[in-house]
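Enquirer: Below are the structure tokens for one structure; questions will follow.
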Amino acid sequence: VFSYFKALAGMRTLTRSDLEPVMQQFRDFLISKNVAKDIADKLMESVLTSLTGKKMDSLTSLTSTVRRALDEALTRILTARQSTDIVAEISAKRNMKVPYVITYCGVNGVGKSTSLAKTCYYLLNHGFKVMIAACDTFRAGAVEQLRTHVKCLGEGVELFDKGYGKDAAAVAADAIRRAKELQYDVVLVDTAGRMQDNEPLMRALAKLVEVNRPDRLFFVGEALVGNDAVDQLTKFNQALVDHQSGARPQLIDGIVLTKFDTIDDKVGAAVSMVYTTGQPIVFVGVGQTYTDLRKVNTRSLVNALMK
Amino acid sequence: MVLEGLGSRISGALRKMTDSTVIDETALKEMLKEINHALLEADVNIKSVVQLRKNVTERVKLEELAAGVNKRKVIQKAVFDELCSMLDPGTAPVTLKRGKPNVVMFVGLQGNGKTTSCVKYAYYHQRKGWKACLVCADTFRAGAFDQLKQNATKAKVPFFGSYTETDPVKIATDGVNRFKNEGYDLIIVDTSGRHKQEEALFAEMEQMAESVNPTDIIFVMDSAIGQAAYDQALAFRAKVKVGSVIITKLDGHAKGGGALSAVSATKSPITFIGTGEHIDEFEPFKTQAFVGRLLGLGDVSGLVNT
Ligand SMILES: Nc1nc2c(ncn2[C@@H]2O[C@H](COP(=O)(O)OP(=O)(O)OP(=O)(O)O)[C@@H](O)[C@H]2O)c(=O)[nH]1
Ligand SMILES: Nc1nc2c(ncn2[C@@H]2O[C@H](COP(=O)(O)OP(=O)(O)OP(=O)(O)O)[C@@H](O)[C@H]2O)c(=O)[nH]1
Ligand SMILES: [Mg+2]
Ligand SMILES: [Mg+2]
């Protein structure tokens, strides 16, 4: 794609104006990979800043210099700074005889309930006892969807539900209490999908989080999403700040990236989401069955992006 | 509606150019750049954006425009035409015939709103006097039949489905036949979510279409989709005869540009949009009127006929 940028032989110090046309090409390239436009702009701006004034070996082309800098920037962004080892965290909490709670949130239809079921399968395989809390009390079929999963998942998992129309925060609290009594290791809390601009629903989510203080609050986002990824995450976090009363509101602390099997190498949503939150991708969904859950591999993600 | 957010950006760019005194190469470039930004932020397929820019630039060879010709008008029309052709597939939506058993099949990616939209579609038509009914041919997703059942019950629309049958083609065929015999004139078939990367799922969709011989196939697409929209839409169109598009979740913040890409890929018009989770949050969509409003030009016909 970039081959028409010939080596600028004899050049010594890179200036903004040398770099800008190449930057434009790379920015469009990132957008074609489904990185949100704003993020692509910011990324290229930071690459530009880092390269301006640098001395360049006259034998390497401008394009490959930029490419290397971008590769480094992407790797840095996508490398998790926080732990993503849920199993270790659950094991650590096991001795305290209180269940480890994970809450899933996100906009409609992204794969929250399915990812929750996949995580459940993964945790059952690690020997944990799991309770699933049906706190999507709104969407038709949401409870039956989880009940079906529980039936398929077999031993070691139980559904806690109160049907439809109930206050989700209260259902979650009941479920956690019950799980503690019955000595479950983990509670997975499913929530209804909600649009980030829907204030009453965002308020309800903040309440659920504030009341129950889950160990982890996962944001589920699909790899298909475009520019809206940035807005979704920004507004979910903002709503969590605005609508929790305590001084230390709990925010999103992990990302589940779903439908990774539907996008070929247009993997840019991963960059948009991690860049926006600074939070790691804990799991990647790569299909519709229980085993289609992966840990992220930063190198192959960057390779797919740069391809 | 959020697609209009895109519209106001574009018409803003056009107006800005109108306000600047001299229309030269720089002014044109600046305006196209702004329109580009707006389209990219709205998730319009990047190839289409590049193409639009190229086409407009080619059509508006400023130096060749004779003195006295209204340059602004020429530019505006070029932009308008390009956007129209992106949004308007040039094919009329499929018309359903009263009193005949019309079969309408819903297809699309996972979680994009098929089940919800199909009940909305049934409800909308029922209120207009159609004898509508629903067939749940999603045997894959956990709780799919319960979801359709609960929604259909709320909408008071008859439904057909099974908890035990695992072959969606069989359910679709049985359901359609049964409702045909019972004299329904709008039989709506809900199907599982699928994507182009999984061939077996596409083959199943083809078989189903062959078996129920639909009057229309509606491709449902989530307005938040990004650059993958075009390829997926194209792949669906290549397998089955998509005749209409429904864009969902426009009550969110997404500008819906992926949807424009879907239109250009399926060559089918957007007929309805979804604007919420509730059954009545569903509106008919008119492409021409929309493009007119999109550009804030009021009287569109004047432009079209220049
Ligand atoms: N191809 C693919 N499909 C997925 C993946 N994860 C989820 N899905 C599908 O996406 C659809 C929606 O999944 P759900 O888990 O119901 O999504 P949700 O976010 O819980 O939806 P709501 O509760 O309605 O907001 C289903 O058809 C899932 O099978 C994935 O990683 N790959
Ligand atoms: N806010 C909003 N939510 C919608 C709209 N249309 C559908 N949804 C929600 O999106 C989610 C997915 O919708 P479904 O109808 O289950 O999607 P689907 O395409 O049938 O999903 P699969 O059968 O799993 O492929 C649900 O939570 C719906 O309530 C809409 O226009 N606005
Ligand atoms: Mg769900
Ligand atoms: Mg469905």
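Enquirer: If the viscosity is 1.567 mPa s and the temperature 4 °C, what Stokes-Einstein diffusion coefficient in µm²/s follows for chain A when Rh is the Kirkwood radius over Cα pairs?
Expert: 62
Enquirer: Now for a separate question. Given only helices, namely DSSP H runs of n ≥ 4 each adding -39500 (n - 2.57), what is the per-residue ellipticity at 222 nm of chain A, to the nearest 500 deg cm²/dmol?
Expert: Rounded to the nearest 500, it is -15000 deg cm²/dmol.
Enquirer: With a cut-off of 8 Å between alpha carbons and a minimum separation of six or more residues, what is the relative contact order of chain B in percent?
Expert: Reported as a whole number, the value is 26 percent.
Enquirer: In percent, what relative contact order does chain A have, based on Cα pairs under 8 Å that are 6 or more apart in sequence?
Expert: 22
Enquirer: Just the number, please: Stokes-Einstein D of the protein assembly as shown in µm²/s, Kirkwood Rh from C-alpha pairs, 25 °C, 0.890 mPa s.
Expert: Translational diffusion coefficient: 95 µm²/s.
Enquirer: Kirkwood-based Rg over Rh for chain B (C-alpha set), two decimals?
Expert: 1.05
Enquirer: By the scheme Lys and Arg +1, Asp and Glu -1, what is the net charge of all other residues having a beta-carbon under 14 Å from that of A:Val286?
Expert: So the environment of A:Val286 carries a net charge of -2.
Enquirer: Evaluated at 4 °C with a viscosity of 1.567 mPa s, what Stokes-Einstein diffusion coefficient in µm²/s does the stretch B:96-183 have when Rh comes from the Kirkwood expression over alpha-carbon pairs?
Expert: 97
Enquirer: Let me ask you something else. Based on alpha-carbon centroids, what's the gap between the stretch A:251-267 and the stretch A:21-89 in Å, whole number please?
Expert: With the stretch A:251-267 and the stretch A:21-89 each reduced to a Cα centre, they are spaced 19 Å.
Enquirer: Based on alpha-carbon centroids, what's the gap between the stretch A:275-301 and the stretch B:144-175 in Å, whole number please?
Expert: Taking the Cα centre of each part, the stretch A:275-301 and the stretch B:144-175 sit 33 Å apart.
Enquirer: Please say if the stretch A:73-216 is rounded, prolate or oblate, where rounded means a/c under 1.5 for a ≥ b ≥ c the square roots of the C-alpha gyration tensor eigenvalues, and otherwise the choice is prolate for a/b larger than b/c and oblate otherwise?
Expert: Cα axes put the stretch A:73-216 in the rounded bin.
Enquirer: Right, something else. Per residue of B:225-237, what is the mean number of Cβ atoms on other protein chains within 10 angstrom of that residue's Cβ?
Expert: 5
Enquirer: As a test, work out the antiparallel percent of DSSP beta bridges whose residues both lie in chain A, rounded to the nearest 5.
Expert: Counting only bridges with both partners in chain A, antiparallel ones make up about 10 percent.
Enquirer: Moving to a separate point now. When Cβ neighbours within 10 Å are restricted to other protein chains, what is their mean count per residue of peptide B:135-142?
Expert: So the per-residue partner count for this stretch is 3.
FYI, it's all coordinate maths here, none of it is from the lab. All figures in this text were calculated on a predicted structure; none of them were measured in a lab. Because the Cβ atoms are built from the backbone with ideal geometry, glycine has one as well, and the counts that use them run over all protein chains shown.
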